[in-house]
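A quick write-up on the structure given underneath.
The values are calculated or read from the model by the stated rules, or taken from the named source; none is laboratory data. Since the model is a prediction, treat every value here as computed from it, not as a measurement. Because the Cβ atoms are built from the backbone with ideal geometry, glycine has one as well, and the counts that use them run over all protein chains shown. Please note that ligands, DNA and RNA were not included when accessible areas were found on the heavy atoms of the full protein model with its side chains. Shrake-Rupley method; radii C 1.70, N 1.55, O 1.52, S 1.80 Å.
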Amino acid sequence: MTEDELQKILETALPPADLHDVFVEECQDQDIRLRFSLKPGETWSSAALLSLADTSLRAAAGMDSSLSHLNVTVLRPTNEADVIALSRVIRRIGETIHAETWLFSYAVVEPMLHATGSLLRRPSPG
């Protein structure tokens, strides 16, 4: 999948509240790099960061998947800057996908959040 294809899928699949001006910076195999931006006057809440973790895990595993288990470790406070998410698939077992994501504030130097998740692929209709 290309960056443009994933960008269109995210813009179509996500509710407006979860978009956070998402921009697909890189999409190679199962490694994904997304950038999320705040609107003026907004701050990153815990709920918003969980939304970013969910979005980035699903972008790596496939947007047709849904989280069944999530483990989040907050490593440091967030800054009021763009958030970069680096996510990848760790393992696939049948319909179950294990993935991880790292969230960084503004630059990929020190992560502020790490999340791992198990996701279930929904069977194709028909």
> Which entry in (i) 21, 17, 16; (ii) 41, 12, 10; (iii) 23, 16, 13 is this structure's computed semi-axes √(5λ) of the Cα gyration tensor in Å?
Replying inline: (iii)
> With no solvent and one point on each alpha carbon, what is the Debye value of log10 I(q)/I(0) for segment 78-126 at q = 0.16, 0.19, 0.22, 0.32 Å⁻¹?
Replying inline: -0.55, -0.66, -0.76, -1.11
> Tell me, what % of the accessible area of segment 49-110 is carbon and sulfur with a 1.4 angstrom probe?
Replying inline: 53
> From the phi of every residue in segment 100-110, what ³J(HN,Hα) in whole Hz does the Karplus formula 6.51 cos²θ - 1.76 cosθ + 1.60 yield, where θ is phi - 60° and glycine or proline is x?
Replying inline: 9, 9, 10, 9, 10, 9, 6, 9, 7, 10, 10
> Given a 1.4 Å probe, how much area per residue of the chain is accessible, in Å²?
Replying inline: 56
> In whole Hz, what ³J(HN,Hα) sequence does segment 33-43 give by Karplus (6.51, -1.76, 1.60; θ = phi - 60°), x for Gly and Pro?
Replying inline: 10, 10, 10, 10, 10, 8, 7, x, x, 8, 10
> For the chain, what is the mean residue ellipticity at 222 nm derived from helices alone (per DSSP H run of n ≥ 4: -39500 (n - 2.57); sum divided by total residues; nearest 500 deg cm²/dmol)?
Replying inline: -7500 deg cm²/dmol
> Any idea what the dipole of segment 22-104 comes to, in debye rounded to 20, about its Cα centre with Lys/Arg Cβ at +1 and Asp/Glu Cβ at -1?
Replying inline: 140
> Tilt of helix 3-13 relative to the longest C-alpha principal axis of the chain, in degrees (0 to 90, nearest 10)?
Replying inline: 90
